[in-house]
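Shown next, in structure tokens, is the structure this report addresses.
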Amino acid sequence: MDPVRNPYAPGAGQRPPELAGRDTELSAFDVVLERIAHGRPERSLVLTGLRGVGKTVLLNHLRSAAIARGWGTGKIEARPDQSLRRPVASALHMALRELGPRHGNAEAVADVLGVVKAFAQYQPADAKLRDRWQPGIDAPAATGRADTGDMEIDLVELLSDAAGVAADTGSGIALFIDEMQDVQPDDVSAICAACHELSQQGAPLIVVGAGLPHLPAVLSASKSYSERLFRYLRIDRLDRAAADRALVGPAEREDVAFTPGALDALYAAADGYPYFVQAYGKVTWDLAATTPITEDDVAVAAPAAEAELAVGFFGSRYDRATPAEREYMHAMADLGGPTGAAVSTSDVAVSLGRKPASLSPARDSLIKKGLVYSAERGQIAFTVPHFGRYLLRQPD
Ligand SMILES: Nc1ncnc2c1ncn2[C@@H]1O[C@H](COP(=O)(O)OP(=O)(O)OP(=O)(O)O)[C@@H](O)[C@H]1O
Ligand SMILES: [Mg+2]
């Protein structure tokens with residue numbers, strides 16, 4: 001089939017041609033927006049799931065939904081070892097730029113932008129002046145607001161002031177945080193405290209986070225009340241009907257069809273994981289000669305798709321691991337089998353003939369690299385679907 005017209009989009013955060021199977025989450029978010037804009041209490045949302053399951057894409061859709069309702073929005077991608085101060089300032093700057101024109105009082109908006117600037121520019125007293133960041137805000141930096149250096153205090157002040165601007169326009173602000181498990185511990189607890197405070201004030205501002213399956217554990221380790229503060233939505237594999245829709249809908253728009261046998265084979269290969277659905281769909285389209293696409297086309301395409309995944313999806317992650325980390329992951333794969341089931345860390349130690357404590361550095365750095373996660377104490381699993389299967393095919 002004509003590769004130029006190939007609709008499928010495997011890639012990190014790539015907008016899929018059809019957002020399948022996420023209606024529940026989208027309508028839940030609509031209710032949240034509506035309730036908050038009416039001053040009703042609502043919890044902030046956190047999306048969790050494995051790699052490639054569609055968290056970033058869904059986050060972007062939720063952001064579009066908020067913008068469509070006239071909300072101010074900003075988005076951050078957290079990185080390990082990076083303070084949230086500048087990214088949060090940029091995100092709120094963006095949200096206020098969206099809301100500003102609809103606010104009757106330009107001076108009041110400029111005052112809050114001055115608070116954003118003060119927040120962004122805060123530096124410890126011993127920092128060199130030339131490091132001072134210029135956030136591109138014309139208003140003078142405020143003094144005595146969001147500039148104490150204590151992230152918790154500063155964030156509460158910043159977010160309350162920004163929410164005030166939104167309240168004046170009858171809308172709200174949504175702050176989206178992707179890869180939220182990578183936010184530093186101090187910043188995590190500041191975010192929890194700020195959400196807690198703002199929800200008590202009934203301020204129209206929510207945080208919408210997305211991250212790996214252990215994100216709830218990261219949040220509750222920081223503040224015990226986080227379980228009541230956030231509503232967790234688990235983003236999972238697509239069921240058969242949704243996976244078919246993800247393939248068939250975009251093809252129909254190009255006058256291309258799939259036989260039922262082709263859809264069976266594609267579901268068996270992709271296992272409902274959105275990234276795999278896109279990857280197998282793309283290669284199958286390119287290699288199929290005519291419509292309808294058949295089971296035989298899928299059989300021809302599958303090895304090519306697997307080879308592509310082995311390099312791009314699995315290999316790029318495997319390459320980031322050190323030899324000790326690879327050894328650890330191979331032991332996990334041997335124990336967990338091709339499905340990549342969670343395994344016990346003590347079994348990993350036994351199978352490697354090592355003391356559990358001597359393996360903690362490898363395990364911790366794999367967690368930090370986002371390759372594995374600990375769903376419960378003493379258990380470890382891959383964050384990447386089908387990673388166990390990939391490793392079992394790799395030489396040790
Ligand atoms: N609901 C969906 N229907 C069809 N395809 C989807 C859906 N959601 C995501 N995809 C596709 O899946 C792939 C992965 O999506 P995305 O990058 O959002 O995953 P992610 O969960 O953020 O992964 P990571 O944890 O690696 O950041 C993309 O190619 C995207 O187009
Ligand atoms: Mg993502």
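Residues are listed down the side, and each one gets a yes or a no for (1) at pLDDT 95 or above; (2) within 16 Å of ligand 2 (Cβ to nearest atom); (3) under 24 Å from T56 (Cβ atoms):
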{"residue": "F230", "(1), (2), (3)": "no, no, yes"}
{"residue": "D244", "(1), (2), (3)": "yes, no, yes"}
{"residue": "A257", "(1), (2), (3)": "yes, no, no"}
{"residue": "G261", "(1), (2), (3)": "yes, no, no"}
{"residue": "G272", "(1), (2), (3)": "yes, no, yes"}
{"residue": "F276", "(1), (2), (3)": "yes, yes, yes"}
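If the condition is being among the acidic types (D, E) and over 24 Å from S316 (Cβ atoms), then region 341-381 contributes D347, E376.
Residue check: R363 meets all listed conditions (1) open to solvent by less than 50 Å² (accessible area, probe 1.4 Å); (2) within 30 Å of V311 (Cβ to Cβ) but one, namely (1).
Scanning region 33-73 for residues that are assigned to a helix (DSSP H, G or I), more than 16 Å from ligand 2 (Cβ to nearest atom) and buried (at least 17 other Cβ atoms within 10 Å of the Cβ) gives L33, I36, A37, A65, A66.
The residue list P250, P303, P338 contains one member that is not in a helix (DSSP H, G or I) and not aliphatic (A, V, I, L, M), which is P338.
If I filter region 181-202 for residues that are surrounded by fewer than 20 Cβ atoms within 10 Å (Cβ to Cβ), touching a residue at least 24 places away in the same chain (Cβ under 8 Å) and either in a strand (DSSP E or B) or within 15 Å of ligand 1 (Cβ to nearest atom) (or both), do I get at least one hit? No - not one qualifying residue is present in region 181-202. If G172 meets every condition in (1) within 16 Å of ligand 1 (Cβ to nearest atom); (2) buried (at least 24 other Cβ atoms within 10 Å of the Cβ); (3) in the same structural domain as L113 (by TED's automatic domain parsing) apart from one, which number is that one? Exception for G172: condition (1).
Could you figure out which of (1) over 19 Å from P17 (Cα atoms); (2) outside any loop (DSSP other than H, G, I, E, B); (3) of a type outside the set (S, T, N, Q) isn't true of A289? Tallying (1) over 19 Å from P17 (Cα atoms); (2) outside any loop (DSSP other than H, G, I, E, B); (3) of a type outside the set (S, T, N, Q), A289 fails exactly one: (2). The set of residues from region 348-396 being among the basic types (K, R), assigned to a loop (DSSP other than H, G, I, E, B) and closer than 22 Å to Q184 by Cβ comprises just one member, K369. Select from region 74-88 the residues that are more than 16 Å from ligand 1 (Cβ to nearest atom), aliphatic (A, V, I, L, M) and part of a loop (DSSP other than H, G, I, E, B) and list them in ascending order. Passing the criteria: only L84. When we screen A305, A251, A299 for residues that are within 14 Å of ligand 1 (Cβ to nearest atom), modelled with pLDDT of 95 or more, over 26 Å from the mean Cα position of the chain (by Cα) and aliphatic (A, V, I, L, M), the only hit is A251.
The values are calculated or read from the model by the stated rules, or taken from the named source; none is laboratory data. Because the structure is a prediction, the values reported are computed rather than measured. In this analysis, Cβ positions are derived from the backbone assuming ideal geometry, glycine residues included, and neighbour counts consider all displayed protein chains. We work out accessible area using only protein heavy atoms, side chains counted, and drop any ligands, DNA or RNA first. Shrake-Rupley method; radii C 1.70, N 1.55, O 1.52, S 1.80 Å.
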